1. Could you tell me whether the range 72-83 includes any residue that is acidic (Asp, Glu), closer than 29 Å to Ile49 by Cα and touching a residue at least 40 places away in the same chain (Cβ under 8 Å)?
2. Look at the range 86-141 and say how many of its residues are assigned to a loop (DSSP other than H, G, I, E, B), away from ligand 2 (no atom under 16 Å from the Cβ) and open to solvent by 50 Å² or more (accessible area, probe 1.4 Å).
3. Name every residue in the range 243-258 that is assigned to a helix (DSSP H, G or I), more than 13 Å from ligand 2 (Cβ to nearest atom) and buried (at least 17 other Cβ atoms within 10 Å of the Cβ), in order of residue number.
4. Whether any residue in the range 187-195 is open to solvent by less than 10 Å² (accessible area, probe 1.4 Å), in contact (Cβ under 8 Å) with a residue 12 or more places away in the chain, within 16 Å of ligand 2 (Cβ to nearest atom) and charged (D, E, K, R) is what I want to check.
5. Spot the failing condition for Tyr178; the list is (1) over 12 Å from the mean Cα position of the chain (by Cα); (2) within 16 Å of ligand 2 (Cβ to nearest atom); (3) closer than 21 Å to Val259 by Cα, and only one is missed.
6. Suppose we keep only residues that are away from ligand 1 (no atom under 13 Å from the Cβ) and in contact with a helix residue (DSSP H, G or I) (Cβ under 7 Å, 6 or more places away or on another chain) within the range 130-149. Which one would you say is farthest from Trp245 (Cα to Cα)?
7. Which one of these is aliphatic (A, V, I, L, M), closer than 26 Å to Gly254 by Cβ, in a loop (DSSP other than H, G, I, E, B) and under 15 Å from the mean Cα position of the chain (by Cα): Ile228, Ile185?
8. Within the range 233-243, can one find any residue that is within 12 Å of ligand 1 (Cβ to nearest atom), of a type in the set (A, V, I, L, M, F, W, C) and closer than 18 Å to Tyr182 by Cα?
Amino acid sequence: MIYIKKKIPQLKENLVTNQNIFLNRRKFILGLTGCVLTGNTHNLNANTINKKFSNAINRKLTSYENLSRYNNFFEFGTTKQIWKQAQKLRTQDWKIEISGSNLSQKIISLEDILNKVNLEERIYKFRCVEAWSMVVPWKGFELSTLINILNPKSNTKYVEFETFYRPNEASNQKQSWYPWPYKEIITIEEALHPLSFIATGIYGKPIPKQNGAPIRLVLPWKYGFKSIKSIKKIRFTDTKSKSFWQTIAPKEYGFWANVNPKIPHRRWSQEYERDIETGNKFPTEKFNGYGDWVASLYPNLEDQSIFY
Ligand SMILES: Nc1nc2c(c(=O)[nH]1)N[C@H]1C(S)=C(S)[C@@H](COP(=O)(O)O)O[C@H]1N2
Ligand SMILES: [Mo]
């Protein structure tokens, strides 16, 4: 199977003409992306922001502080305040197990992967199924780049991702009634879509453990639970299996999980979302505002709105 890698347009303009002005101004309008950056902009290098992929947003960036202190990471607990517990995760010498690929190598180190890719930054809106959202400057690379490196077998229809299973580091994994490890599945077409992103950083810094260090998925048009953290296994397959959440609550967490204001969660409406930075309410956008990009992935109407 041959995958054609699209050339990523680079941002030519130097947006930051004067670093001090950038650092000191409370509000800096990043005109080209239409984003308002506030606070914590110190590590954002406008030169590496991929403008093409960062313009679907007209919301304030979420501060580093908020997005690293308000998390869903069930391996470490069921509240939003798991960041301290998450520091137990050992991320050195991270390796990923690969199956269903034409590579003879079955284990690839993160270091190897990072040697083969160019990092860029993308500002994406991120919408949790629990009806909160944030705006995150991710650093990383396109998932399609990784798929090309891993060279999946030609019968591949689905890509499965799995998180670690380490009850000694992640205490909630001692709760044996959960179907650990956390697992998510997307179609190969979704995986190759240019918006599908692998994050290794936020705000230009290595991604905090609580946000899914050292390597996680980011699918901005889908509910947040699809964006699996701390990936340890990638499997190419022709059969669709069940995700962590589908196993727990199949009527609440579906396979597609595309953001859609018209399809309520069983227990709450999805028409609005709360921005975790400002507390303001915004109407939910179909495909989280990325419809122009991804609607063509779901040509039949049913698929476009399937949540359950
Ligand atoms: N391994 C793993 N990945 C996960 C989760 C999790 O509990 N475990 N939670 C998901 C959910 S529900 C959301 S909303 C996002 C939260 O990402 P954040 O903490 O970086 O905001 O991660 C997703 N990825
Ligand atoms: Mo979520």
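The values are calculated or read from the model by the stated rules, or taken from the named source; none is laboratory data. Note that the structure is a prediction, hence the values are computed from the model and not measured. So basically every Cβ, Gly included, is an ideal-geometry build from the backbone, and we count neighbours across all protein chains shown. Accessible surface is based on the protein model in full, side chains and every heavy atom, while ligands, DNA and RNA are left aside. Shrake-Rupley method; radii C 1.70, N 1.55, O 1.52, S 1.80 Å.
1. No, the range 72-83 contains no residue that is acidic (Asp, Glu), closer than 29 Å to Ile49 by Cα and touching a residue at least 40 places away in the same chain (Cβ under 8 Å).
2. Here the count works out to 11.
3. Gln246
4. no
5. The single condition Tyr178 does not satisfy is (3).
6. Ile149
7. On inspection, the qualifying residue turns out to be Ile228.
8. Scanning the range 233-243 turns up no residue that is within 12 Å of ligand 1 (Cβ to nearest atom), of a type in the set (A, V, I, L, M, F, W, C) and closer than 18 Å to Tyr182 by Cα.
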